[in-house]
Amino acid sequence: MTVATLAFIDKRSLRPGRGSALLGAVLLVLGWEVLARMLADAFVLAAPSEVLTAIVENRTLLMRALAVTLANGAAGFALGNLAAIALAGIALAFPRSQSIITGLALTVFCLPLVATGPILRVLFGPGPWPQIVLAALAVYYTTLVLLLVGLRATPSSWIDLMRSYGRGSFSTLVHVRAMASLPYLFAGLQIAAPAAFLGAMVGEFTGAERGMGVLTIRAMRDLDVDMTWALATVATAVAIAAYLAIGWVARRVLVADPPVILSPPRPPGWRGGGWHAPINVAVVAVAAVIAWWAALALSGLNPFFAKGPDDVFHALFLADNAGRTRAMLASAMWETAAFLLPGYLAGLLAGAGLAIVVVLFPMLAGAAMPAAIALRSVPIVTTAPLVVLILGRGAIGTIALVALMVFFPTFVACLHGLRQAPGQVLDVMDSYAAGPFQRLLRARLPAMLPAFFAAARMAVPASVLAVTVVEWLATGNGVGSLMALSASLSDYNMLWSAVVLVAALSALGYGGVGLVEARVLRIYAPEQLA
Amino acid sequence: MRADADMPPDVLCDGLAKTFDGGVEAVRPLSVRFEGGHTTAVVGPSGCGKSTLLRLIAGLERPSAGRVEIGGLPPAETQRRGELAVAFQDPSLLPWRSVRGNIELALHLARRPVAAAHVEHLVRLVGLEGFADTRPAELSGGMRQRAAIARALVTEPELLLLDEPFAAVDELTRQQLAQDLPRIWEARGTTTILVTHSVNEAVMLSDRVIVLSPRPATVVADMAIDLPRPREPEMSRWPEFMASVDAVFAALSASMARNSLAIAAQ
Amino acid sequence: MRADADMPPDVLCDGLAKTFDGGVEAVRPLSVRFEGGHTTAVVGPSGCGKSTLLRLIAGLERPSAGRVEIGGLPPAETQRRGELAVAFQDPSLLPWRSVRGNIELALHLARRPVAAAHVEHLVRLVGLEGFADTRPAELSGGMRQRAAIARALVTEPELLLLDEPFAAVDELTRQQLAQDLPRIWEARGTTTILVTHSVNEAVMLSDRVIVLSPRPATVVADMAIDLPRPREPEMSRWPEFMASVDAVFAALSASMARNSLAIAAQ
Amino acid sequence: RSAWAQSQVALQLSWLHSVQFAGSYIALDRGFWSEAGLDVSLLPGGPNAPVEPPVVSGSALVGISAADYTAAAVEQGARFKILAVAMQKNPFVIASLPGNPVNVPGDLEGKRIGMALANTPVLQALSTLNDVDFDAIEIVPTQYSAQPLLSGEVDCLLCWETDLPVAMAIQGVDSVTMLMADHGYALHSQTYIATEESIANRRAELVALLRGEAQGWEAYREDTKAAAALTLEMYPDAGLDLRTQELQAERQVPLMFSELTDANGFGWWTDETVAANIETLALLGRTVTPDLWDRSILEEVHAG
Ligand SMILES: Nc1ncnc2c1ncn2[C@@H]1O[C@H](COP(=O)(O)OP(=O)(O)OP(=O)(O)O)[C@@H](O)[C@H]1O
Ligand SMILES: Nc1ncnc2c1ncn2[C@@H]1O[C@H](COP(=O)(O)OP(=O)(O)OP(=O)(O)O)[C@@H](O)[C@H]1O
Ligand SMILES: [Mg+2]
Ligand SMILES: [Mg+2]
């Protein structure tokens, strides 16, 4: 693999040579082979050699499935990212709309697959659209969050320049912010690439005729471990290729080094976007309910499975069994939280930690990168049995799976953030021959903070979704399985109540991260709070 | 809108004051009228509030008190018509645009047609021939500043605000620029406000020098410079010139000394 | 490692050249020895390669040819011992640290103990009393530059590289700084290389002035300044001083004129 | 426009394409439906594709469900009827390995069983029916896969007779299966459901659809190997394995056909089997009445 894996221009941190990337790939394959041999009797992991054989034997089938899923994933990738760009543009051009836009975007992102999948299938019928839409839904939010950070990562002097010619936020967006946000956009796209592909695969769970997801379910049911991992390998290869391709484009497009951003701190009494003010939360909640109600009215979905806010309110507070519903939700939520929080934190730490390690030891990047992308690209249905076998069905296994899902976006965002340290600042470091650790501590980490917090914010709903998917597909407890069970028993009141709860909880966590973020960024990146 | 759109606009600061949110008082209520079509130099000690004053006039900073009027209207009006240009103290070039791209951007923003020859001419005038397609990261400090000056001039604005435009340029180049550039704005009758650290430069380029006190800025001296135009380098040997320079220096020193005494007395 | 660690180090540039990747030749093979413990001023037209030369000496830029030695060793060695400090042309302050934080950063990086009183003293010396806890975004251009000077001085390095340190500061403050600051480095016998645009300043502060040609930089004049120390403002009226200033100007003008001719002849 | 929009009738399958629905494929392939003027599209299901929403919203005329799911949906206010029953015997089994077999429900005591927690009521019902101490069974929530059994994480699995045991057999692993239907667990599976509205308004189409199904499944019964081959031919992208499909097709037959169907035709049921179903459903916590089943369509099918 020609893994010039570090995606961003940073003349200062050496790109890993092809050598180390190759070494990384070799180590990965070797470790895999060893692990597969150790677990030979467990029917969970196929060795690379077996996988290769399966790929070769089934190459035409795989090619056809790949073509379908890739096309859907690419369409979803394009749609999702375009939506993110449009939303970010609107949020920036009309700052007052920002909290509503990000709030609604968050809410939509929080909708669990179990709830959205069947609805999309009914809305779109048997074609590829549910897959495309699910792929788009899987990516638009991470891109949006990073893009909003990038759009604000602008020295105030550039904006002053625009204003001095009487140009408002739109021109600023076009001439300054858009370009300044490109590095962050590319990070977003790199995170989106595997996510879109996975989204398309999972979309096939809603009843598709063909594709990688269909084959995966089939192979798992048939205990065809070789084929299962062949599919996972192909998915991973596609994701790595997409990631590298975006990195390659980024290196060609990004010509400007990160600037020193001197922004005066925001005035006191300021109340801005995000989730800082309770008023915003209320506004967003109202907007979400209205949007929900309007979506139902417009789509004309059958109220049997498309429940409205009034139904949920009724189910939670007025119905005869409301108390039981609430109790079931509460206990499921409680179970979920026990996995969620540790998983979230572990994923965040692992992502940021690996990004730091890669920057401190660029030689390791080549080895770490393929593994990192692979971890994200292998569908959770495939990895779950392996993780469960190694770590057990208890809390650790679930936590590890959640952490896995949080890890990759955090890693990419942080890696990118670490590279946003301005050259002038690094020059100062260099003139004292500051070691990598000092540079990290005093220049790179502070420069990383906006990206890190963006990652922390987008990881909140991502981890919630992850835990529910793990519960649904693997462990069978908590809210995830409650939702799946409700769907199979047509208890759509319960399902939608759970959805609302999950969304509300995600929003709350998001707001909590936002509070910490505001405190930290007031010092380190006040422009982010403007 | 304005009484006479062809007349270069007066700039009026009326009771203008700025205290930053942190509590730093940068400009203390200050009333000045900068005459239309004239060049006024503003000098004052470092950190006294010159840039803040310029930003207030440009409408980039909201006054804590008082108001700014350009030709009788708020600064936003002049901004809107693209008749304002600022060369900021820090060049503020967009790093992904070449020198030419940065200059042309000003034309776009001010909704002026892009005349390649005009841009080329300015690039040459500020001594950047051969670097029109170079991006800021590959320019020297002085070259960046010169690019920023060219950008401010290219739109031929009614009101030109220059914040220490020649600070990063060597003395000979500076003399050259001080010769060449005023021709442009004088020919158009641009109202120019020039913040500078060089008293010589202030006297050489302006019709009037305003001396500001140490922070918070107030006007401590306001002198007309009655030298014929165009100014020539030789004039710096003229007694009138030297007298003006001395007077500005005296005013500056006096205000700074007062300030030191005030601090010492605390 | 070095022959005598207590002797201020000589800086040797031997056939030093730099051509940037884009093809711009900034420094043409150039050999100079900057004497240990002395202050050498470097003047030259804007964009000629002064900053590049300084960065080469600081070991921040890799030479295209030739080498730099500080006290007989490569620059990395001096960096490593924390005995090098650069005041960059652009202040390069860390935006998230206060003035004090930025100054203390240098102490941390150079592995020196943080002496609060010493930091305080420097903050006062550069006229930033009252702003020690202010972050760069809330400082004026000149104040930022002064903070950067303080940061360079705080570690009391053996080799001090100053890139137009007073460019953003008004003349009176500049005179004050030019009085006060050299005391610090002269007392320690620091080897100082000062890039400046002001010929007066070059002569006033240095033991030797090196005049560079327009880009690519080569040495066109190299003059010793034999004025007694400590220098006093009055010395600028001394005939020796004026003669030196004139000589530097002459060398500068001659090289720039040659260059213009060369361009005209192309 | 997509093929979906042109089709007049859609049949929502309960899972991905496989020989599990081969009767329908035969009907399609041999033109049983087109002869009757019906253009049928077969909509695959999947792990995240419940059958009820498309049927309720009319995007599918008929769905393939199971009595317990239908009962739950009706409890939630859907107006479904069961029109026909493809699987006379419920396909749920307890699968175990010969070294540690579960042959009768009593063997479950002290065993670890791998299953979805959602199926807990099923196991509870089986225990009640057979006087097994439910608390003595350790439930391990697993994915629907034979892997936990093979890796020794569990002693047995709750699964379908026709999938995981088949997969194990193909992998060369013998397994013991205990059909729950043989131990009192009477629950119609692979049932055809439609809304009351459709039954009232689209009767002719329903009859034609189910008639085609009946013909298809009869043909299936005659040659399951051909049915498996047809499945692979029609859905080459489904990643199906011929041997697996053949074995599954074979194992499906005894679940779908009985003396009852031999006597009355494909999909039949009697008041007795409905009563047994209602009993089992009661154990699962569902109260239903016999009018959940509507035989009028089926009677027309087999009358014609
Ligand atoms: N955004 C800001 N927030 C708070 N204080 C500020 C801000 N900008 C400037 N100041 C303060 O206002 C005062 C005046 O600053 P200003 O930049 O106007 O000075 P100046 O006269 O331009 O100085 P210089 O010649 O050094 O550029 C300074 O004390 C500075 O610290
Ligand atoms: N990173 C770079 N890449 C390419 N060219 C560069 C780079 N840095 C400087 N140059 C070029 O090298 C030449 C010398 O630049 P340098 O910054 O050394 O000039 P200087 O003498 O310091 O000028 P000034 O007095 O304006 O600061 C200039 O022509 C500049 O365009
Ligand atoms: Mg200023
Ligand atoms: Mg320079």
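Can you find a residue that is modelled with pLDDT of 90 or more, within 15 Å of ligand 1 (Cβ to nearest atom) and in the same structural domain as B:LYS18 (by TED's automatic domain parsing) anywhere in the stretch B:254-264? There is no residue in the stretch B:254-264 that is modelled with pLDDT of 90 or more, within 15 Å of ligand 1 (Cβ to nearest atom) and in the same structural domain as B:LYS18 (by TED's automatic domain parsing).
In the stretch C:131-173, which residue that is hydroxyl-bearing (Ser, Thr, Tyr) and within 7 Å of chain B (Cβ to nearest Cβ) is nearest to B:ASP90 (Cα to Cα)? The selected residue is C:SER140.
Can you tell which of A:VAL428, A:VAL499, A:VAL412 is out of contact with any Cys (no Cβ under 9 Å at 6 or more places or on another chain) and farther than 24 Å from A:LEU148 by Cα?
A:VAL428
Filtering the stretch B:156-194 to residues that are outside the structural domain of B:ILE210 (by TED's automatic domain parsing) and surrounded by fewer than 23 Cβ atoms within 10 Å (Cβ to Cβ) leaves only B:GLU156. Within the stretch A:143-160, the presence of a residue that is crowded, with 24+ Cβ neighbours inside 10 Å, within 20 Å of the chain's Cα centre (by Cα) and at the interface with another protein chain (Cβ under 10 Å from one of its Cβ atoms) is excluded.
Kindly indicate whether B:VAL123 is within 16 Å of ligand 2 (Cβ to nearest atom) and either more than 14 Å from chain C (Cβ to nearest Cβ) or within 23 Å of B:THR173 (Cβ to Cβ) (or both). For B:VAL123, the condition - within 16 Å of ligand 2 (Cβ to nearest atom) and either more than 14 Å from chain C (Cβ to nearest Cβ) or within 23 Å of B:THR173 (Cβ to Cβ) (or both) - is met.
Quick one: is B:GLY23 part of a loop (DSSP other than H, G, I, E, B), more than 24 Å from B:ALA251 (Cα to Cα) and either within 14 Å of chain C (Cβ to nearest Cβ) or within 16 Å of ligand 3 (Cβ to nearest atom) (or both)? Yes; evaluated as a whole, the condition is true for this residue.
Scan the stretch C:126-135 and tell me whether some residue there is assigned to a helix (DSSP H, G or I), away from ligand 4 (no atom under 16 Å from the Cβ) and of a type outside the set (S, T, N, Q). Quick ask: steps written out before the conclusion?
First pass over the stretch C:126-135, keeping only residues assigned to a helix (DSSP H, G or I): none.
So far as the stretch C:126-135 goes, no, none of its residues is assigned to a helix (DSSP H, G or I), away from ligand 4 (no atom under 16 Å from the Cβ) and of a type outside the set (S, T, N, Q).
For the stretch A:493-530, a tally of residues being part of a helix (DSSP H, G or I) and within 14 Å of chain C (Cβ to nearest Cβ) returns 10.
Pull up the stretch D:167-181, narrow it to residues that are over 16 Å from the mean Cα position of the chain (by Cα) and not in a loop (DSSP other than H, G, I, E, B), then point me to the one that is surrounded by the most Cβ atoms within 10 Å (Cβ to Cβ). Walk me through it before giving the result.
So the first thing to find is which residues in the stretch D:167-181 are over 16 Å from the mean Cα position of the chain (by Cα), and the list is D:167-178.
Those still in the list that are not in a loop (DSSP other than H, G, I, E, B) too: D:167-170, D:176-178.
On the way: D:ALA167: 26, D:MET168: 23, D:ALA169: 17, D:ILE170: 18, D:VAL176: 18, D:THR177: 22, D:MET178: 21.
Restricting to residues being over 16 Å from the mean Cα position of the chain (by Cα) and not in a loop (DSSP other than H, G, I, E, B), the top hit is D:ALA167.
The single residue among A:VAL460, A:VAL479 that is over 20 Å from D:THR120 (Cα atoms), modelled with pLDDT of 85 or more and aliphatic (A, V, I, L, M) turns out to be A:VAL460.
Considering the stretch A:409-443, and only residues there that are in contact with an Asp or Glu (Cβ under 8 Å, 6 or more places away or on another chain) and either closer than 25 Å to A:ARG376 by Cβ or not in a helix (DSSP H, G or I) (or both), the residue that is farthest from the other protein chains (Cβ to nearest Cβ) turns out to be A:ARG419. Taking the stretch C:163-173 only, how many residues are within 14 Å of ligand 3 (Cβ to nearest atom) and of a type in the set (D, E, K, R)? Total meeting the criteria: 1.
Among the residues of the stretch C:231-249, the one identified as of a type in the set (Phe, Trp, Tyr) and within 20 Å of the chain's Cα centre (by Cα) is C:PHE249.
Which residues, taken from the stretch A:97-121, are within 9 Å of another protein chain (Cβ to nearest Cβ), crowded, with 24+ Cβ neighbours inside 10 Å and of a type in the set (A, V, I, L, M, F, W, C)? Those that are within 9 Å of another protein chain (Cβ to nearest Cβ), crowded, with 24+ Cβ neighbours inside 10 Å and of a type in the set (A, V, I, L, M, F, W, C): A:LEU113, A:VAL114. Cβ-Cβ contacts under 8 Å between residues 6 or more apart (or on different chains), taken from a first residue in the stretch C:38-56 that is more than 8 Å from every other protein chain (Cβ to nearest Cβ) to a second residue that is within 11 Å of ligand 4 (Cβ to nearest atom) and assigned to a helix (DSSP H, G or I), are listed as C:VAL42/C:LYS50; C:VAL42/C:LEU53; C:VAL42/C:LEU54. In summary, A:SER171 fulfils each of the numbered conditions (1) surrounded by 22 or more Cβ atoms within 10 Å (Cβ to Cβ); (2) modelled with pLDDT under 90; (3) over 23 Å from the mean Cα position of the chain (by Cα) with the single exception of condition (1).
A quick yes/no check of all residues on (1) within 16 Å of ligand 1 (Cβ to nearest atom); (2) of a type outside the set (A, V, I, L, M, F, W, C); (3) facing another protein chain (nearest Cβ under 8 Å):
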| site | (1), (2), (3) |
| --- | --- |
| B:GLY71 | no, yes, no |
| B:GLY101 | no, yes, no |
| B:HIS108 | no, yes, yes |
| B:VAL119 | no, no, no |
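What residue, of A:ALA365, A:ALA332, is touching a Ser or Thr at 6+ places or on another chain (Cβ under 6 Å), part of a helix (DSSP H, G or I) and at negative phi? Even if it seems obvious, please write down each step before you answer.
Working: A:ALA332 fails: touching a Ser or Thr at 6+ places or on another chain (Cβ under 6 Å).
Unique residue meeting the criteria: A:ALA365.
For the stretch B:139-230, list the strands (runs of 3 or more DSSP E) that sit wholly inside it and hold at least 1 residues that are touching a strand residue (DSSP E or B) at 6+ places or on another chain (Cβ under 9 Å) and free of Cβ contacts under 8 Å to residues at least 60 places away in the same chain; which are they?
Filter on the stretch B:139-230 gives B:219-224.
Do we find that B:ALA17 is in contact with a helix residue (DSSP H, G or I) (Cβ under 7 Å, 6 or more places away or on another chain) and either surrounded by 18 or more Cβ atoms within 10 Å (Cβ to Cβ) or more than 11 Å from every other protein chain (Cβ to nearest Cβ) (or both) in this structure? In short, no.
The residue that is nearest to the chain's Cα centre (by Cα), among those in the stretch B:135-171 that are among the polar types (S, T, N, Q) and within 13 Å of ligand 2 (Cβ to nearest atom), is B:GLN145. Looking at B:ASP170, is it within 16 Å of ligand 4 (Cβ to nearest atom), touching a Cys at 6+ places or on another chain (Cβ under 9 Å) and closer than 27 Å to B:VAL203 by Cβ? Criteria met by B:ASP170.
Looking only at residues that are more than 12 Å from ligand 1 (Cβ to nearest atom) and of a type outside the set (Gly, Ala, Ser) in the stretch B:32-56, which one is surrounded by the fewest Cβ atoms within 10 Å (Cβ to Cβ)? Full working, then the answer.
Going through the stretch B:32-56, the residues more than 12 Å from ligand 1 (Cβ to nearest atom) turn out to be B:32-41.
After this cut, where a residue has to be of a type outside the set (Gly, Ala, Ser) as well, the list is B:32-35, B:38-40.
Working: B:VAL32: 18, B:ARG33: 12, B:PHE34: 22, B:GLU35: 14, B:HIS38: 19, B:THR39: 24, B:THR40: 23.
Top of the filtered list is B:ARG33.
Summed over the stretch D:46-77, residues that are in a loop (DSSP other than H, G, I, E, B), within 20 Å of A:ALA315 (Cα to Cα) and either small (Gly, Ala, Ser) or more than 7 Å from every other protein chain (Cβ to nearest Cβ) (or both) total 1.
Across the stretch D:107-126, the qualifying residues are those that are more than 10 Å from every other protein chain (Cβ to nearest Cβ) and part of a loop (DSSP other than H, G, I, E, B), and the one among them that is surrounded by the fewest Cβ atoms within 10 Å (Cβ to Cβ) is D:GLY110.
The values are calculated or read from the model by the stated rules, or taken from the named source; none is laboratory data. Keep in mind it's a predicted model, so treat the numbers as computed, not measured. For neighbour counting, all protein chains shown are included, and Cβ atoms are generated from backbone atoms with ideal geometry for every residue, glycine included.
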